[in-house]
Structure formats: structure tokens, C-alpha cells
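Working notes, structure below.
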Amino acid sequence: MSRLANQLTEAVLELRAAGARFALIGGLALAAHKVVRGTQDIDLLVDGDQSDQIDALLRRLGYRSIHRSADAANYLRGSERVDLLYAVRPAARLLLEKTGVHATVLGDIPVISCEGLIAFKLQALVNNPSRTQDLEDMRALLHANRAQLDMDELRGYFRLFDREALLNELMS
């Protein structure tokens with residue numbers, strides 16, 4: 001098993017044992033939605049009310065915090081990285097509640113919906129327009145999942161960021 005697979009397995013087992021609410025987001029979550037690309041870290045959406053508990057859990061596993069705010073945290077353990085987004089706003093909490101469990105070679109793992117993953121990719125792109133990988137990820141997710149997407153939900157996210165024209169461009 002790869003280093004990243006071992007790291008993810010460990011994190012999932014520990015988060016479950018602690019009763020933490022979480023969902024895989026970011027590059028690893030793409031595979032659950034028919035898009036595969038390389039990534040070097042684990043990105044998770046976690047319940048913001050459990051941020052202190054999850055911080056303590058990651059520290060017990062040997063991670064050190066390199067950033068922590070009310071919205072997000074980043075942890076390192078050697079070359080291994082875990083990035084957290086805290087579900088504190090209503091939209092993020094709803095996405096965490098609607099998380100589906102996906103069967104993987106590593107076992108059942110909670111993964112954000114495709115619409116939610118696109119929304120987080122959009123937010124990252126809006127926050128930092130140089131993140132062109134997020135744009136390509138959105139394009140690939142839309143292409144691979146077009147028939148199954150809840151377009152009303154998706155349009156709502158693009159409207160929230162005043163990027164409806166971008167959605168139309170990506171869909172064409």
C-alpha cells in the first residue's frame with residue numbers, strides 16, 4: 001500500500017474511533033466521482049464543533065499544526081500533510097450531513113458529494129485565481145458526472161460566488 005493510502009487509512013480509523021464527523025474532499029475525493037489525478041495530501045471537511053478534538057487526535061498521531069484558524073487547519077508529519085476545512089457555516093454543515101459513503105480498496109470512506117466538491121473547488125479558485133488545478137478539476141467533474149448532477153444545487157454555489165458565467169463556460 002502507498003504512503004498516502006496508509007496515511008488515509010490511519011486517519012479514517014482514528015477519526016471514526018473518536019466519533020468525529022468528516023468527509024474526504026480535495027484530490028483524493030475526485031476518484032469517488034470518476035476523476036483520477038495525483039495528489040500528495042489528504043483534505044477533509046470536519047465538523048467545526050469538533051476542531052479541538054480533531055486537533056488533539058492529529059497531534060497524538062505525530063502531526064504538528066502549521067496553521068489553524070476558525071475555518072481551516074493544516075498539519076504535517078514529516079512529508080505527510082493533512083488539510084482540514086471546518087464545517088461551521090450552514091452550507092458546509094449541510095454538505096457534511098449529506099456526505100455519502102463510498103466503497104474503496106481501503107474500506108468505506110465518507111466522501112463529499114460531487115456538487116459539494118465542485119463548490120469547494122470553486123471557493124478555492126475564487127480565493128486564489130492562480131489555482132488552475134481547481135478549475136481543471138471542476139471541468140473534469142462536470143464532464144464525468146453531468147447526467148447525475150443536481151444542477152439547481154450547483155448553480156446555487158456558482159451564484160453564491162457570482163460565477164454563473166463560469167459554470168456556463170465549463171458546461172459548454
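Here are the numbers for this structure:
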| item | result |
| --- | --- |
| Region 72-172, relative contact order [Cα under 8 Å, separation at least 6], % | 16 percent |
| Burial order of peptide ranges 8-21, 34-47 (average beta-carbon count within 10 Å, highest first) | 34-47, 8-21 |
| Whole-percent pair-distance distribution, where bins are 5 Å wide, for the alpha carbons of region 42-171 | 2, 9, 17, 20, 20, 17, 8, 5, 1, 0 |
| Square roots of five times the Cα gyration tensor eigenvalues for region 42-101, Å | 21, 12, 10 |
| Per residue Cα convex hull volume in Å³ - calculated over region 20-71 | 96 Å³ |
| Computed over the chain: relative contact order in percent, which uses C-alpha pairs under 8 Å that are six or more apart | 20 percent |
| Of all accessible heavy-atom area on the chain, the percent that carbon and sulfur account for (1.4 Å) | 51 percent |
| For the chain, accessible area per residue (1.4 Å probe, heavy atoms of protein chains only), Å² | 50 Å² |
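The values are calculated or read from the model by the stated rules, or taken from the named source; none is laboratory data. None of these values were measured; they are calculated from a predicted model. Because the Cβ atoms are built from the backbone with ideal geometry, glycine has one as well, and the counts that use them run over all protein chains shown. SASA here: full protein model, heavy atoms, side chains in, ligands and nucleic acids out. Shrake-Rupley method; radii C 1.70, N 1.55, O 1.52, S 1.80 Å.
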